[in-house]
Amino acid sequence: MNAQVRINLHCHSTLSDGDLTPEELVGRLAASGVRAAALTDHDTLEGLPAFHEAAARREIGCITGVELSVVGPDGAELHLLGYGFDPTHPGLCAAIVRAQDRRRGATRQAFRSAIESVRFERAITALIIANAVTLGIEASPSVAAR
């Protein structure tokens, strides 16, 4: 007998970096013949109740899951997959809050860098135009930006 059971233990919803809500994700899993699954959104457990309820309605086996962002010994970000845990455990909830804080900090820094990059580009454009005017060359921001 060569019976195969399809499982997916690494799923992301719109509460993380996925394209489908937890309920829509379960629909897609069911349509694909998946019989057991875990929602492993990045640094959030918010979708677990809806995912589990939708999975139960579709008779898909379900375990708790999360993809937790952690900092490794060398300071690099690592993604740790966890399964079969109590989503109300105080230590886990605290780790998720820390991961969310790190993620928000990284997003803020990325926005700051983007803003500084735009400021730098504008300053360079203004400098190019000023130098062109000094040299008697006609220049506009669109020409300077090329």
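The values are calculated or read from the model by the stated rules, or taken from the named source; none is laboratory data. Everything numeric here is computed off the predicted structure, so don't read it as measured data. Heads up, the Cβs are rebuilt from the backbone with ideal geometry, glycines too, and the neighbour counts pull from every protein chain shown.
Computed values, structure above
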read-out: One residue from Gly27, Gly33, Gly18 being at positive phi and out of contact with any Ser or Thr (no Cβ under 7 Å at 6 or more places or on another chain); value: Gly33
read-out: Filtered residues of segment 54-66 (kept if surrounded by 14 or more Cβ atoms within 10 Å (Cβ to Cβ) and under 14 Å from Leu25 (Cα atoms)); value: Ala54, Ala55, Arg58, Ile60, Cys62
read-out: Some residue of segment 131-140 being modelled with pLDDT of 75 or more and surrounded by 13 or more Cβ atoms within 10 Å (Cβ to Cβ); value: no
read-out: Residue match in segment 29-42 (condition: modelled with pLDDT under 95 and closer than 15 Å to Ser13 by Cα); value: yes
read-out: Filtered residue count, segment 67-105, keeping only those that are touching an Asp or Glu at 6+ places or on another chain (Cβ under 7 Å), assigned by TED's automatic domain parsing to the domain that holds Gly18, among the hydrophobic types (A, V, I, L, M, F, W, C) and surrounded by 14 or more Cβ atoms within 10 Å (Cβ to Cβ); value: 1
